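The values are calculated or read from the model by the stated rules, or taken from the named source; none is laboratory data. Because the structure is a prediction, the values reported are computed rather than measured. With ideal geometry, Cβ positions are generated from the backbone for all residues, glycine too; neighbour counts draw on all protein chains shown.
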Amino acid sequence: MNQVTSIAVGFDGSVESETALRWAAGMAHESGASLTVLHASGILERLGSAFEPGVVPEAVSRIMAEEGIDSSRFRWVIEEGDACSALLQCASEPVSAQVLVVGSRGHGKRPGTMIGSVSLEVVQHAKVPVVVVPGS
Amino acid sequence: MVLIVNEVFDDAEHESPDHPERPGRVQAAMAGVDDLHLGEDLVVAPRYSATRAELLRVHAGGYLDELGAYCYGGGGDIDQDTYATYDSWSIATLSAGAGLSVISELQRRGEGVGFVAARPPGHHALADRAMGFCLLNNVAVAAAALASQGERVAIIDWDVHHGNGTQQIFWDEPNVLYASMHQWPLFPGSGAATEIGGPRALGATINVPLPEGATGDVTWRAIDEIVAPAVEAFSPTWVLVSAGFDAHRLDPMADLCLSDADYADLAASVSRFVKGPGRLAFFLEGGYDFGALRTSVASTLSAALDAPLSTEPRSNGGPGFDQIDRVKAQRLTAIESWTREFEKEGQL
């Protein structure tokens, strides 16, 4: 496989997405790749959201610092759309991620069900390798 | 003129605490119908649940199985926006069936205008995935049923969000045209002017992204200069409207600035796309401010019934008027470019 220079990871604030973020940050640290931390903003976030463009969430900053990724090596991005489509889009320009990273289960999902599974959708449709990080 | 409605009222069990897509939306929409005082000209179509065969025209069998099992397993959050409950499967199939019932009644009478006041809404539902509050794609189920009868169907979507599910389902279907005007950027992120359809239906997908703050004069220009020429060239035998009312200036979910009167203008425009009586139906999609939903529904249906109602004034002066020229140019370039590409690949 060619040298990985760009990685994208989905982040929704859940514990599972923090685990995925930590794994992606570790890979970025080892490979020297840049990291895009993506939050997909759904319809309901119009009514109030914990996340703002340009304001890196505390959890993201903390994990980046712990994994040795300085602020020049990662970007915090909010895209309006569903999580699956937004992460898949990261494989195209301008992000051009060569690896997509996603937690195995996001906010509020019922364990053991496939419906609404972002990780499953991303795996099914991605044209680049996908890493699904199991929750701790 | 007769108004044929189908409403899904006993849907109180498809709700989630504090979620804006809630049962009161149907009551608000039907209050708008009541404001028209139609008397005997108001006809209620029979209640009907869409069958699996009717749903399979637009949805994957595996998805239907999963959704049904998920609901009957107790439901829960499907994604950050979308939920299901134990009763959601039966409510969703009733909503999809409501459109079929209204169309059947229109066909039987050969006159009138249809209004499907059902929820959950449908236009974000993909062939194999629920999203954006939507479980089953109600307008797509109706359009596919008509297409299976040999009809040519134009779907006009004026919900403030792009109807990505409907677009995906009919992307390469030459007998169904899909035209959307929506705020962009906004959920679900799709709906660029350059999204124009697949090789068998190139140009039959029309997208007019509008900037935050756009007013009725911009949507009027979009309909007049982009949507109308495409629809006229397509020559539909039926027109179905994904009538979301969340582009209203009072709606909390987005930032377009339409007024009740603008919806009347839009309805009058799409009514002119219809080539015969009894071939126009409106499907409730979004709309989350109950007051605006009520007045917008009344304005829309009064214009479609050619019985204008006194409303607040038209809106104008917002941004985006010049954007219509850019959308036209981008769309033309995309059609030329993809025509060459598909010709090269032997798909045309």
Only residues that are more than 18 Å from the chain's Cα centre (by Cα) and more than 14 Å from chain A (Cβ to nearest Cβ): list them for the stretch B:4-31, please.
B:Phe9, B:Asp10, B:Asp11, B:Ala12, B:Glu13, B:His14, B:Glu15, B:Pro23, B:Gly24, B:Gln27, B:Ala31
Criterion violated by B:Thr215 - all others in (1) under 18 Å from B:Thr300 (Cβ atoms); (2) surrounded by 24 or more Cβ atoms within 10 Å (Cβ to Cβ) satisfied
(2)
Can you tell me which residues in the stretch B:159-168 are over 21 Å from B:Ala233 (Cα atoms) and either in a helix (DSSP H, G or I) or away from chain A (no Cβ under 12 Å) (or both)?
B:Gly163, B:Asn164, B:Gly165, B:Gln168
Out of all the residues in the stretch A:68-77, which are touching a Gly at 6+ places or on another chain (Cβ under 9 Å) and at pLDDT 95 or above?
A:Trp76
Boolean, A:Gly103 is buried (at least 21 other Cβ atoms within 10 Å of the Cβ), touching a Gly at 6+ places or on another chain (Cβ under 9 Å) and more than 30 Å from B:Val160 (Cα to Cα):
yes
Can you confirm whether A:Arg46 is within 14 Å of chain B (Cβ to nearest Cβ) and outside any strand (DSSP E or B)?
yes
Tell me, please, whether a residue that is on the phi > 0 side of the Ramachandran plot and either free of Cβ contacts under 8 Å to residues at least 12 places away in the same chain or surrounded by fewer than 17 Cβ atoms within 10 Å (Cβ to Cβ) (or both) can be found in the stretch B:62-72.
no
Checking B:Ile226, B:Ile156, B:Ile206 in turn, the sole residue that is of a type in the set (Val, Ile, Thr), surrounded by fewer than 24 Cβ atoms within 10 Å (Cβ to Cβ) and not in a loop (DSSP other than H, G, I, E, B) turns out to be B:Ile226
Among the listed residues A:Val128, A:Val122, A:Val101, A:Val37, identify the single one that is in a loop (DSSP other than H, G, I, E, B), touching a strand residue (DSSP E or B) at 6+ places or on another chain (Cβ under 7 Å) and more than 10 Å from chain B (Cβ to nearest Cβ).
A:Val128
Out of A:Glu80, A:Glu16, I need the residue that is over 25 Å from B:Asp246 (Cβ atoms) and either modelled with pLDDT of 95 or more or within 14 Å of chain B (Cβ to nearest Cβ) (or both). Which one?
A:Glu16
So which of B:Asp255, B:Asp251, B:Asp262 is out of contact with any Cys (no Cβ under 9 Å at 6 or more places or on another chain) and part of a helix (DSSP H, G or I)?
B:Asp262
Considering residues of the stretch B:173-189 that are in a loop (DSSP other than H, G, I, E, B) and in contact with a strand residue (DSSP E or B) (Cβ under 8 Å, 6 or more places away or on another chain) only, the residue nearest to the other protein chains (Cβ to nearest Cβ):
B:Gly189
Out of all the residues in the stretch A:110-117, is one or more within 14 Å of chain B (Cβ to nearest Cβ), in a loop (DSSP other than H, G, I, E, B), aliphatic (A, V, I, L, M) and crowded, with 19+ Cβ neighbours inside 10 Å?
yes
Looking at B:Gln27, is it modelled with pLDDT under 95, touching a Gly at 6+ places or on another chain (Cβ under 9 Å) and not aromatic (Phe, Trp, Tyr)?
no
